Structures are given as structure tokens and as C-alpha cells.
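What follows is a single structure, written as C-alpha cells, with notes after it.
The values are calculated or read from the model by the stated rules, or taken from the named source; none is laboratory data. Computed from a prediction, not measured in an experiment: that's the story for all the values here. Neighbour counts are summed over all protein chains in view; Cβ atoms, including those assigned to glycine, are modelled from backbone coordinates with ideal geometry.
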């Protein structure tokens, strides 16, 4: 019996040495260790051996089985290494080769506009701040004077995080993709490091019916100033300075009274449309950006509501603040003459390559 085991081992080694691919190796594995394996055929005869012979044959058979398993494993690794070595040789790329560059990279128009806005406000001594795009309900709504039963929430049909995360959370702690960058203002006020003078130019999300002026994913810039004796006149002067730097001196601003839950008083600000230039040019009524009105709504501006200051432990009898929020996408469209904000998200290189 020992001789049969030894002959089987020699036979296996010879066959293994001739294996050159993984398919043949798998076949060899089945022949020797499969359901009808050759080693099994030899072991059938062990039951007829004496007890003394069984004590010596069983260990030898187990050693042979372990030997075959280990050799097949080593061979498998070797074949895999050889395969990838050939692939590497056949598909290698000479990284030192020089290729003609047909096109240089371009910054996206929204990035250009955002960087320009940051430069303008940094020159006016504003700091740039940001927080994660996933925000909780308390900071995104409640502390901005928009409780869960407030009709203003209907305007912001919101991208809530999945129920698996929110199902065990109480009202106020549920999480969502932020609908505006205003929660960053709350976070800054809660630090209580006055004076506050910040801008927040980042991405926000709302469920919007998309058109030339609206997208469900867009970029917003907000500013916040909180200090003693801050007035709406300060807001108006700062805003006009920034807009004329951004959209040139000829730009006209139009202030319209408005209502926002977290501010008082409030205004919506339109700028003269740079697409049709607000003139009696041909087809000006068909301008998709301003709809022939000559003005485009770009931002809202407001004085911070006393309640919002109080909830951030800032005394509204001593301090006041002003803020605004603007759509960077619309500003980019106005600055670069793009007649639809949706074009910024369509991955069209022809658009990018112009800038």
C-alpha cells in the first residue's frame, strides 16, 4: 500500500510539471482530489488491512493529500504570476514618451465665478467658511425661524437622507442635503466670536422644476455681517460695490420688498440682464434668462431676524446683522453670456473651452 501511495505521488509530480495553464491545473486537481479522486481509490483498500498496517498507511495517505493540496496552490500562484507578467510585458506603456497635447484644461465657469466672488469679498475683509453638505433639520430650518409646520418649507421640497438613517431620529435632528448655505451662518453665530464677517460660497440642493434659471443642484453664495449698529444702508452699499465689480459698472440693481422667515426687513435684488443688455434689441422678448423683463433675480438680501440672533445667544438689543444669498450659477450665466444655467451641468466641453 505504501508503494502505491509513493507511485501516485511520483505520477502527480510528473503531471504537475507539465501543466501550463489554469484550466489543466483545475482538471488535475479534480483527478486527484475530486469526487472520484485517485487517492480515494487507494484508500478504499485500507479497510482490508490489519490494524497495525492501518496505523502506518493512514498518516502517509493524509501526508500525500496535504502535499497535493500545497503543490496545486503553489502552482496556481505561479501560473497567475506568469499570466500577469505576460500581460504587463504585452501591454506596457512607455510613460517617458511625449504626446502632443491637443487641448489644455479649462476651469469650469462656475469655478471661475466662485473664485472671482471670493477675491472680491476677501478684498472687503470677509472670511470664507463652509460646513458639510449634509445638515440636520434644526440648523437648516428650525433655528432660521422655519419650524416644521411653516409654509416656507413647502417652497423647499427637500432631499432627505434615507429613512434607514432618519427613522429613529426625532424632529429637528433629521438629516438632509442642505437647501441653502444659511446653516453655516447659524454655526458661526453659535461660536459667538464677534464681529462676524463671512461668506459661504458652496453647493446646495433643492427639488426644483428645471428651467433656464433653476436646477435642483446649484451653487449659492451667502454672506453674513453681525456687529453693533449694522443697518440696511450698509447692506445696500456693500452689495452695490460687489455687483459692480462682478458685472461691471454699467450694471443696475433693483430692490424689491420681500418676506423671508429668518429676516426682517427683507428684499429681493434683481440686476440688469447681461444677456439682452436690457435694450430694445431684436428678439429681446425671447430672452430665456430674463423673459424680456430686462432684469434677472440674482439674490435676496435682508437684516437678520432678532429671533435668529437670540437663538444664537446674541443680544438683538445690542447687535444687528445683515446677510444675503445669491445664485453663483445665475451670476456665471450673466457674466459669460450663457442663456441657461442648465448648460453648466451638461458636461459639454465646447462650453468650458471658451473660458
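Residue under question is residue 110, and the condition is that it be without any contact (Cβ under 8 Å) to a residue 60 or more places away in the chain, touching a strand residue (DSSP E or B) at 6+ places or on another chain (Cβ under 8 Å) and either under 30 Å from residue 336 (Cα atoms) or surrounded by 10 or more Cβ atoms within 10 Å (Cβ to Cβ) (or both); does it hold? So residue 110 fails the test. Of all residue pairs spaced 6 or more apart or on separate chains, those with beta-carbon atoms under 7 Å, a first member in segment 1-28 that is more than 23 Å from residue 77 (Cβ to Cβ) and a second member that is part of a loop (DSSP other than H, G, I, E, B) are 1/49. Considering segment 289-299, the residues that are under 24 Å from residue 233 (Cβ atoms) and surrounded by fewer than 20 Cβ atoms within 10 Å (Cβ to Cβ) include one that is modelled with the lowest pLDDT, namely 297. Of 267, 323, 333, all but one fail to be modelled with pLDDT of 75 or more, under 33 Å from the mean Cα position of the chain (by Cα) and assigned to a helix (DSSP H, G or I); the exception is 333.
Results for (1) surrounded by 17 or more Cβ atoms within 10 Å (Cβ to Cβ); (2) more than 16 Å from the chain's Cα centre (by Cα); (3) on the phi > 0 side of the Ramachandran plot, shown as yes or no for each residue.
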site: 190; (1), (2), (3): no, yes, no
site: 211; (1), (2), (3): no, yes, no
site: 215; (1), (2), (3): yes, yes, no
site: 220; (1), (2), (3): yes, no, no
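Restricted to segment 300-310, and to residues there that are within 31 Å of the chain's Cα centre (by Cα) and at pLDDT 80 or above, the residue that is nearest to residue 327 (Cα to Cα) is 300.
Scan the helices (runs of 4 or more DSSP H) fully inside segment 124-212 and keep the ones with 3 or more residues being within 18 Å of residue 300 (Cα to Cα). Ranges flagged: 152-155, 182-191.
Exactly one condition in (1) within 25 Å of residue 154 (Cα to Cα); (2) at pLDDT 75 or above is false for residue 262; which is it? Unmet condition: (2). Taking every residue in segment 72-96 that is closer than 15 Å to residue 26 by Cβ and pairing it with any residue that is outside any helix (DSSP H, G or I), at least 6 positions away or on another chain, the pairs with Cβ-Cβ distances below 8 Å are 75/19; 79/19; 79/20; 79/21.
Within segment 149-164, the set of residues being free of Cβ contacts under 8 Å to residues at least 12 places away in the same chain and closer than 22 Å to residue 181 by Cα comprises 149, 151, 154, 155, 162.
Scoring residue 158 on the criteria (1) under 23 Å from residue 322 (Cα atoms); (2) out of contact with any helix residue (DSSP H, G or I) (no Cβ under 7 Å at 6 or more places or on another chain) leaves a single failure, condition (1). Are there any pairs with C-beta distances below 8 angstrom linking a residue in segment 319-346 that is at negative phi and free of Cβ contacts under 8 Å to residues at least 40 places away in the same chain to a residue that is crowded, with 24+ Cβ neighbours inside 10 Å and assigned to a strand (DSSP E or B), with the two at least 6 apart or on different chains, and if so which? Every condition considered, no pair remains.
Rundown of residues vs (1) touching a strand residue (DSSP E or B) at 6+ places or on another chain (Cβ under 9 Å); (2) at pLDDT 75 or above; (3) surrounded by 11 or more Cβ atoms within 10 Å (Cβ to Cβ); (4) closer than 30 Å to residue 352 by Cβ, yes/no style:
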| site | (1), (2), (3), (4) |
| --- | --- |
| 13 | no, yes, yes, no |
| 22 | no, yes, yes, no |
| 32 | no, no, yes, no |
| 40 | no, no, yes, no |
| 79 | no, yes, yes, no |
| 92 | no, no, no, no |
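Scanning segment 222-236 for residues that are assigned to a strand (DSSP E or B) and surrounded by 19 or more Cβ atoms within 10 Å (Cβ to Cβ) returns 222, 223, 224, 225, 226.
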